[in-house]
Amino acid sequence: MLARMTGALRFSPAEIAGFAILAAVVFLVLPLALDTFRLNLAGKYLTYAFVAVGLVLCWGAGGILSLGQGVFFGLGGYCMAMFLKLEASTPAATRIQSTPGIPDFMDWNQLTALPWWWEPFHSLAFSLVAVVAVPVALAWIIGLAMFRRRVGGVYFAIITQSLAAILTILVIGQQGFTGGVNGITDLRTLLGWDIRTDAAKEILYFVNGALLFACLLLARFILKSKLGRVLVAMRDQEDRVRFSGYDVAQFKMFIFCAGAAFAGVGGAMFTLQVGFMSPTLVGIVPSIEMVIFCAVGGRLSILGAVYGTLLVNWAKTTFSESFPELWLLGLGALFIGVVMAFPNGLAGLYADHVEPRIRALLAWLGVRGAMPAPVAGGAAREMAPARSVAGGRQSGRSLQARGGASPEPGP
Amino acid sequence: MFAYSLSELGAILAMQGFAGLILFSVFVLMALGLAIIFGQMGVINMAHGEFMILGAYVTYLMSNLFGGFLPALFGAYFFISTVFAFFASGALGIFVEWALIRHLYRRPLDTLLATWAVSLILQQVYRSVFGAREVGVTIPDWMMGSLPVTDLIEVPINGLCVMALALAVSLGVWLLLFRSTWGRQVRAIKQNRVMAAAVGINTEWTDRLTFGIGCGVAGMAGSAFTMIGSTGPTAGQLYIVDTFLVVVFGGAASLLGTVASALSISQAQSIMEFFLSGSMAKVLTLLLVVTILMLRPQGLFAVRLRK
């Protein structure tokens, strides 16, 4: 057992280099190159990276495409925002309201008392637990209902998407309880510490980065362990894994819950750094955008997902600042390009074109053992299906995929 | 609800029921196209709403064209533009199938993402061409107003037109799928692609035509939609979730199931809308549908397949 654990913990030199480069980018290059405003923006992008890493686990490794990750991001964010809002709404700060001591939007909507389910969010400990527990609980319920009945693929995507729609409509409709379309705004302090100052924003950026790395290491551990192997096997040949005696539904539920937990943490960090939470981050469009971040970075690579998130968001900000008309066209074209030509995203490009060059260069320099042999190299390669994703599964398998509209379990 | 007399309550129920019927017609029109594409081909077309909006914009253009140049025929422009909408959306659908979808048949989840990218691009194109503001068409005089049935119950004429169109399109799709050569070929391919190709069916062309017809039906839905609401570049995205749920809830491969689920979802929503706020009615309906789908993933009318 212990040997297996340490086996999963052992890093190859290429992996160490990959993590070190990302750490350098996140903790050195960005903070040194950007002013506080831009750094805060980069921190906001990195909160989406939590979701993208979760999607690598669910979608890339597990083959479960969820179009409702925004729901979990939003739930995490709202749990944090509720705590911060209650702290900001002291009776002294809200004495001009007709009912002092409740959040301002409740007062505007003629509520006279705090709803009972807001009460526990007075406690920071409860809120921090809820940031992870609420998304995981919802994911667990969804997983229990769907995976036990062997609903997967396209059906799962549609159902999770409708959940995103439901939550958005609910949050907007119940504005007395949730702040409606504006969301929960005007968040000020965390246990008396002002989160709006430049210094606080920089500290939060580093906290966010550290949490992201914790999630990355956890995700890597999951993927490298036996669990990760079973996930990949399940994605490619679900029936064979089931016939081998594995409880496929349990594995799917676990990985879906893990993705939800990551998204929840990301949402909470978003609230802390940006200072509000609103339903625009929960709905269908942001949920699909998060899938795009993951796909651009490479759906099989956790590090690629982080780069993909940073790159797409940077492009979004730059384009929508200077050419707002072109942004949607550019995003659409980028996405079609990724899906059609580079199904493994940036990580795939790196593994196919950059990595061999580096290896050749190192060999030319005479460094031995600096890079492992190509067979073992790169997490993306190990996780890729037997034939490349672009090649698709051939003949007989493809028929099944075409007829895959029926939700009944396979033959 | 106790403040109403019995006859008033009856009239309210009838009116809400009729509003539900109009919603039902729109759902049926939207879902039929998707049922063809998703049910028969297994392709997730996230751009379905945008194909619908294309039909709506075609109707808007035709309305301006007839208003400006052919005022004599203005009363009939709606029917002509419905046909145009079918061909415009169908042609775009065939192009998208040729350019994108045919490369992705083996990766259903990727089709979903690629067609979502198509929907983004189309939205931006609509915004650039027609402007970000919603546009409405001029409804011919004879379609305005309503028919009084009793003292309390009135039936809007444009709603009747939408219902008539939904009925006609449903009949047309049924005839196409179950009584035409194309329909036979589509069903043959769905059952066994290799054998269908072996007996001489041009599967590639049939796929393309199927996608085109599905998108064309979406265009007609959009055209009908202009009669009861205005059209904006992002309007399509509002309906895509409803439409998918209608199709999945009905059982993907069953046309009858699609109609039945459109009926139950629309009636549930419009009756609840009277007693609750609009958003809560929608949330409850969607939650109900999702819960039922979790318990019965094959939908209302599952087609029995021998596996």
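Brief remarks on what is shown
- Any hit, the stretch B:185-192, residues being more than 30 Å from residue B:95 (Cβ to Cβ) and touching a Phe, Trp or Tyr at 6+ places or on another chain (Cβ under 9 Å): no
- Entry remark, the stretch A:90-125: residues being in a helix (DSSP H, G or I) and within 18 Å of residue A:178 (Cβ to Cβ) number 12 in total.
- The condition of being modelled with pLDDT under 90, out of contact with any helix residue (DSSP H, G or I) (no Cβ under 6 Å at 6 or more places or on another chain) and either assigned to a helix (DSSP H, G or I) or more than 14 Å from every other protein chain (Cβ to nearest Cβ) (or both) holds for only one of B:79, B:95, that being B:79.
- Test: residue in the stretch B:210-227 that is out of contact with any strand residue (DSSP E or B) (no Cβ under 6 Å at 6 or more places or on another chain) and over 22 Å from residue B:93 (Cα atoms): yes
- Wholly enclosed helices (runs of 4 or more DSSP H) of the stretch B:194-307 bearing at least 2 residues more than 21 Å from the chain's Cα centre (by Cα) and either within 14 Å of another protein chain (Cβ to nearest Cβ) or surrounded by fewer than 24 Cβ atoms within 10 Å (Cβ to Cβ) (or both): B:203-225, B:255-275, B:278-295
- Set A:251, A:256: member being in a helix (DSSP H, G or I), under 30 Å from residue B:118 (Cβ atoms) and at pLDDT 90 or above: A:256
- The stretch B:169-187, subset loosely packed, with under 13 Cβ neighbours inside 10 Å and assigned to a helix (DSSP H, G or I), residue farthest from the chain's Cα centre (by Cα): B:181
- Some residue of the stretch B:87-107 being of a type in the set (D, E, K, R), without any contact (Cβ under 8 Å) to a residue 60 or more places away in the chain and farther than 13 Å from residue B:220 by Cβ: yes
- Residues that are within 14 Å of another protein chain (Cβ to nearest Cβ) and aliphatic (A, V, I, L, M) within the stretch B:171-193 comprise B:186, B:188, B:189, listed in sequence order.
- Among the candidates B:25, B:63, the residue that is more than 30 Å from residue B:190 (Cβ to Cβ) and surrounded by 15 or more Cβ atoms within 10 Å (Cβ to Cβ) is uniquely B:63.
- Checking each residue in the stretch B:113-155 for being of a type in the set (Gly, Ala, Ser) and at pLDDT below 85 picks out B:131, B:132, B:136, B:145, B:146.
- Screening the stretch A:331-348 for residues that are assigned to a loop (DSSP other than H, G, I, E, B) and more than 9 Å from chain B (Cβ to nearest Cβ) and picking the one that is farthest from residue B:97 (Cα to Cα) gives A:344.
- Cross-chain or 6+ apart pairs with Cβ under 8 Å, the stretch A:154-177 first and at positive phi, then among the basic types (Lys, Arg): none
- From the list B:241, B:259, B:246, the one residue that fits, being more than 30 Å from residue B:10 (Cβ to Cβ), in contact (Cβ under 8 Å) with a residue 40 or more places away in the chain and hydrophobic (A, V, I, L, M, F, W, C), is B:241.
- Residue match in the stretch B:145-165 (condition: touching an Asp or Glu at 6+ places or on another chain (Cβ under 6 Å), surrounded by 12 or more Cβ atoms within 10 Å (Cβ to Cβ) and not in a helix (DSSP H, G or I)): yes
- Identity of the residue in the stretch A:319-330, in a helix (DSSP H, G or I) and more than 7 Å from chain B (Cβ to nearest Cβ), that ends up nearest to residue A:60 (Cα to Cα): A:330
- Considering residues of the stretch A:30-71 that are assigned to a loop (DSSP other than H, G, I, E, B) and within 22 Å of residue A:137 (Cα to Cα) only, the residue nearest to the other protein chains (Cβ to nearest Cβ): A:65
The values are calculated or read from the model by the stated rules, or taken from the named source; none is laboratory data. As the structure is a prediction and not an experimental result, all values here were calculated from the model. Here Cβ is always computed from backbone atoms with ideal geometry, including for glycine, and neighbour counts include all displayed protein chains.
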